[in-house]
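The values are calculated or read from the model by the stated rules, or taken from the named source; none is laboratory data. Keep in mind the model is a prediction, meaning the values are calculated, not measured. Don't worry about glycine lacking a Cβ; one is built from the backbone with ideal geometry, like all the others, and counts go over all protein chains shown. Protein only, heavy atoms only, side chains kept; ligands, DNA and RNA dropped before computing areas. Shrake-Rupley method; radii C 1.70, N 1.55, O 1.52, S 1.80 Å.
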Amino acid sequence: MSILINKESKIVVQGITGKAGLFHTKQCRDYGARIVAGVTPGKGGIHVEGIPVFDTMEEAVRITGANVSMIFVPPPGAADAILEACASGIELAICITEGVPIKDMVMAKRVVDDSKTLLVGPNCPGVITPGECKVGIMPGYIHKPGKIGVVSRSGTLTYEAVKQLSDAGLGQSTCVGIGGDPIIGMKFIDVLKRFNDDPDTDGVFMIGEIGGGAEEDAAEWIKKNMKKPVAAFIAGVTAPPGKRMGHAGAIITGGKGKAVDKIEALKNAGVLVAQSPTKMGEAMMAAMKAKKKK
Amino acid sequence: MNIHEYQAKEILSNFDIPVPRGRVALTADQVERAAKMMGGTCVVKAQIYAGGRGKAGGVQLVHHPEQAHELAKELFGKRLVTPQTGPEGLKVRRILVEEAVGIAREFYLSITLDRSTSRYCLIASAEGGVDIEETATKSPEKIYKLTIDPYTGLRPYQARKISLALGLNGSLSEDCVNLILNLYRCVLEKDCSLVEINPLVVTRAGWLLAMDAKINFDDNAIFRHWEYHDMMDYSQLDPLEISAGKFDLAYIKLTGNIGCMVNGAGLAMATLDVLKENGGEPANFLDVGGGATREKVAEAFKIILQDKDVKGVFVNIFGGIMRCDVIAQGIIEAASEVQCTLPIVVRMDGSQVEEGKKLLLDSGLNVKCVDFLGAGAETIVQMLAEAKA
């Protein structure tokens with residue numbers, strides 16, 4: 001078992017004929033993902049790499065039975081692609097696109113929350129269940145099948161973490177890059193819940209960074225609900241205070257957002273926080289050992 | 001993206017939000033003439049991309065055009081240091097001259113994105129002015145927040161609740177309702193990530209007026225607002241940050257001597273953390289983007305080396321599916337172009353790592369290759385210490 005995607009997942013790629021879309025479609029298929037369809041408006045009827053292309057998501061889902069969408073549509077049309085995915089009734093949409101306007105995402109998020117579709121991203125590396133299925137832009141070779149769930153706001157820092165886990169002999173059940181934008185679909189808690197319920201996940205590694213209050217919210221949830229060991233790393237401990245956005249930013253988060261506060265909140269929730277980004281694998285190892293002793 | 005106060009007021013004015021009469025000036029003579037037009041008594045406001053100007057002497061009331069001239073001469077070219085600028089301050093190149101207005105009451109009003117609800121949020125307080133953040137922490141009950149549902153938008157009855165809570169009544173309350181609705185219209189039409197009026201005042205004559213205004217545009221929406229480009233004041237940005245922006249690189253100058261080039265913001269921050277842990281001081285934050293290309297790597301490298309404080313460079317690229325030999329070529333190309341002899345440590349992961357390493361080691365550059373993040377940080381700190389000795 002795993003969460004969100006597995007070898008049965010049938011994937012449709014929105015924006016399949018673009019340069020990035022096509023490149024990563026091939027990469028994902030080489031990894032073992034079942035890419036059953038592509039969608040590019042105006043190109044319905046053609047095949048790319050042997051994959052049928054449709055004009056609309058409705059058609060693609062109806063004809064191929066796709067249940068997961070990977071979105072590579074450029075920023076001006078990305079939110080519309082998310083809305084179209086929702087309207088098609090697909091189970092899961094993973095939006096890789098970076099640079100989606102805030103206003104578009106406010107509306108898209110509202111629609112997603114009212115629908116049965118789960119959204120991961122935007123501006124994220126995607127989701128991978130090692131050895132089974134890859135829906136995203138992460139390098140497959142650093143991952144190993146195993147029992148650690150990974151959830152992260154970051155992209156390349158996740159690769160660093162996963163590599164350290166794999167090197168330490170800790171394979172992964174599923175790795176979810178939730179994305180670093182201010183508005184995203186699934187948040188830390190949504191993913192943690194699924195790892196908590198997944199019989200094949202024994203522990204979770206979480207990667208956060210400065211800004212916002214998502215890590216603090218996750219810490220609170222972990223304290224109350226999490227049955228499995230959690231280790232974490234927060235990037236930006238030494239970052240100088242960033243360029244501030246007037247007074248409103250500070251008011252809205254009520255002073256949240258600093259790395260020290262996030263680390264404190266996580267420690268209070270019993271999470272083992274790696275002191276250095278070079279010790280992420282070690283921290284996870286220690287958290288798993290501590291659990292066994294109990 | 002940031003804009004000046006006078007530009008923000010121009011925009012608000014286009015959305016029927018009343019602002020004081022004012023003129024923007026580029027020379028002391030222009031300031032004097034504008035002051036004459038205002039009748040002598042006026043407010044002289046330095047325009048920089050930061051708040052906290054009042055306490056730094058950047059906003060002053062003057063009573064004669066000559067006095068305005070004197071003050072302008074002093075302000076133009078001066079680096080104004082406020083709690084929001086950093087120690088080096090920001091240079092004053094434009095001054096806004098505004099009519100002086102008698103103030104009866106001050107409020108705070110803003111609309112911004114609330115990450116926790118993923119919606120726009122209206123914030124208002126009857127305790128406006130410079131100490132709004134203190135109010136927010138010390139007496140949060142004095143701050144009113146309203147989350148806006150994108151389905152319905154901001155409704156008049158909701159705006160009315162806010163204006164009544166601020167203690168306004170009668171026609172003034174209805175004026176405030178309209179102002180709030182216009183402010184939300186501005187956020188949507190102009191793709192603002194923040195619009196802030198602080199203070200919003202009731203004048204002694206009984207009118208509402210936006211005395212100070214701040215607008216941030218959503219960087220992701222620039223593609224549908226051609227008018228933003230002309231509003232940018234490049235004198236307010238670090239020259240290296242400007243050249244980085246042209247190549248879509250996120251660059252922030254820091255105070256140390258180790259130049260850093262990393263792909264991805266999270267990994268870049270983590271790299272700075274590891275450098276500090278090893279006793280190194282990063283000279284910059286630089287994110288070449290998740291999928292760095294050869295051109296981007298080369299440009300990034302050149303930008304790092306333009307900083308004269310840089311005595312060594314640490315490159316940390318977790319390319320994954322990217323080819324390391326291509327990245328190595330980018331580094332070599334840029335380093336030879338600017339004849340770089342500084343110590344360089346490169347940590348790469350991805351495909352063709354060995355080919356990439358070989359290219360670097362054969363390039364004749366003062367370069368070492370490492371396999372791990374920690375080892376990379378240690379090595380560059382060590383190389384710098386040796387170079388000094």
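Remarks
- Number of positions in region B:189-213 that are away from every other protein chain (no Cβ under 14 Å) and basic (Lys, Arg): 1
- Among the residues here, A:MET107 qualifies as at pLDDT 95 or above and among the aliphatic types (A, V, I, L, M).
- In region B:150-162, the residues that are farther than 16 Å from B:ARG185 by Cβ reach residues that are open to solvent by less than 20 Å² (accessible area, probe 1.4 Å) and part of a helix (DSSP H, G or I) with C-beta atoms within less than 8 angstrom, at least six apart or across chains, in these pairs: B:ARG160/B:SER173; B:ARG160/B:VAL177.
- Meets criteria (farther than 25 Å from B:ILE48 by Cα, within 14 Å of another protein chain (Cβ to nearest Cβ) and touching a Leu at 6+ places or on another chain (Cβ under 9 Å)) for B:LEU154: yes
The rows are residues; the columns are (1) touching a Cys at 6+ places or on another chain (Cβ under 7 Å); (2) open to solvent by less than 20 Å² (accessible area, probe 1.4 Å); (3) part of a strand (DSSP E or B); (4) β-branched (Val, Ile, Thr).
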position: A:VAL61; (1), (2), (3), (4): no, no, no, yes
position: A:ALA85; (1), (2), (3), (4): no, yes, no, no
position: A:GLY89; (1), (2), (3), (4): no, no, no, no
position: A:LYS103; (1), (2), (3), (4): no, no, no, no
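- Of everything in region B:214-230 that is over 15 Å from the mean Cα position of the chain (by Cα) and closer than 26 Å to B:ARG21 by Cβ, the residue that is farthest from the other protein chains (Cβ to nearest Cβ) is B:ASP230.
- Contacts under 6 angstrom Cβ, first residue in region B:262-282 being more than 7 Å from chain A (Cβ to nearest Cβ), partner of a type in the set (Val, Ile, Thr) and in a helix (DSSP H, G or I), 6 or more apart: B:VAL262/B:THR271; B:ASN278/B:VAL381; B:GLY279/B:VAL381; B:GLY280/B:VAL381
- Criterion (open to solvent by less than 40 Å² (accessible area, probe 1.4 Å) and farther than 24 Å from A:PRO125 by Cβ) met by exactly one of B:ASP273, B:ASP287, B:ASP233, B:ASP218: B:ASP233
- Being in contact (Cβ under 8 Å) with a residue 40 or more places away in the chain and in contact with a Lys or Arg (Cβ under 9 Å, 6 or more places away or on another chain) is a property that holds for B:ILE197.
- Inclusion of A:ILE222 among residues that are at pLDDT 95 or above and crowded, with 21+ Cβ neighbours inside 10 Å is warranted.
- One residue alone among A:GLU84, A:GLU49 is farther than 16 Å from A:GLU132 by Cβ, in contact with a Lys or Arg (Cβ under 7 Å, 6 or more places away or on another chain) and of a type in the set (D, E, K, R), and that residue is A:GLU49.
- All conditions but one from (1) within 14 Å of another protein chain (Cβ to nearest Cβ); (2) farther than 20 Å from B:MET348 by Cβ apply to B:ASP233; the one that does not is (1).
- Condition check for A:ALA93: touching a helix residue (DSSP H, G or I) at 6+ places or on another chain (Cβ under 9 Å), at pLDDT 95 or above, buried (at least 24 other Cβ atoms within 10 Å of the Cβ) and part of a helix (DSSP H, G or I): no
- Residue count for region A:115-140 satisfying the condition of being outside any loop (DSSP other than H, G, I, E, B) and either more than 9 Å from chain B (Cβ to nearest Cβ) or modelled with pLDDT of 95 or more (or both): 11.
- Enumeration of residues in region B:297-325 that are open to solvent by 10 Å² or more (accessible area, probe 1.4 Å) and within 14 Å of chain A (Cβ to nearest Cβ): B:ILE321, B:MET322, B:ARG323
- Looking only at region B:116-147, and only at residues there that are assigned to a loop (DSSP other than H, G, I, E, B) and closer than 21 Å to B:ALA213 by Cα, the one that is most open to solvent (accessible area, probe 1.4 Å): B:VAL130
- Test result for A:GLY236, at pLDDT below 95, facing chain B (nearest Cβ under 7 Å) and in contact with a Lys or Arg (Cβ under 7 Å, 6 or more places away or on another chain): no
- Top-ranked residue of region A:20-59 - restricted to ones that are open to solvent by 30 Å² or more (accessible area, probe 1.4 Å), out of contact with any Cys (no Cβ under 8 Å at 6 or more places or on another chain) and of a type in the set (Gly, Ala, Ser), ranked as nearest to A:PRO74 (Cα to Cα): A:ALA20
- Of residues in region B:350-370 being within 14 Å of chain A (Cβ to nearest Cβ) and in contact with a Lys or Arg (Cβ under 7 Å, 6 or more places away or on another chain), the one most open to solvent (accessible area, probe 1.4 Å): B:GLN352
- Number of the exception - B:SER163 against (1) open to solvent by less than 10 Å² (accessible area, probe 1.4 Å); (2) touching a Phe, Trp or Tyr at 6+ places or on another chain (Cβ under 9 Å); (3) more than 14 Å from chain A (Cβ to nearest Cβ): (2)
Per-residue answers, yes or no, for (1) more than 9 Å from chain B (Cβ to nearest Cβ); (2) more than 17 Å from the chain's Cα centre (by Cα); (3) modelled with pLDDT under 80; (4) closer than 23 Å to A:VAL127 by Cα:
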| position | (1), (2), (3), (4) |
| --- | --- |
| A:LEU192 | yes, no, no, yes |
| A:PRO199 | yes, yes, no, yes |
| A:ILE210 | no, yes, no, yes |
| A:ALA232 | yes, no, no, yes |
| A:GLY242 | no, yes, yes, no |
| A:ILE252 | no, yes, yes, no |
| A:GLY255 | no, yes, yes, no |
| A:LYS258 | yes, yes, no, no |
| A:ASP261 | yes, yes, no, no |
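- Any chance A:ALA287 is modelled with pLDDT of 90 or more, of a type outside the set (D, E, K, R), touching a Pro at 6+ places or on another chain (Cβ under 8 Å) and open to solvent by less than 30 Å² (accessible area, probe 1.4 Å): yes
- Residue check for A:ALA66: aliphatic (A, V, I, L, M) and either surrounded by fewer than 17 Cβ atoms within 10 Å (Cβ to Cβ) or in a helix (DSSP H, G or I) (or both): no
- So A:THR174, is it of a type in the set (S, T, N, Q), open to solvent by less than 10 Å² (accessible area, probe 1.4 Å) and away from chain B (no Cβ under 12 Å): yes
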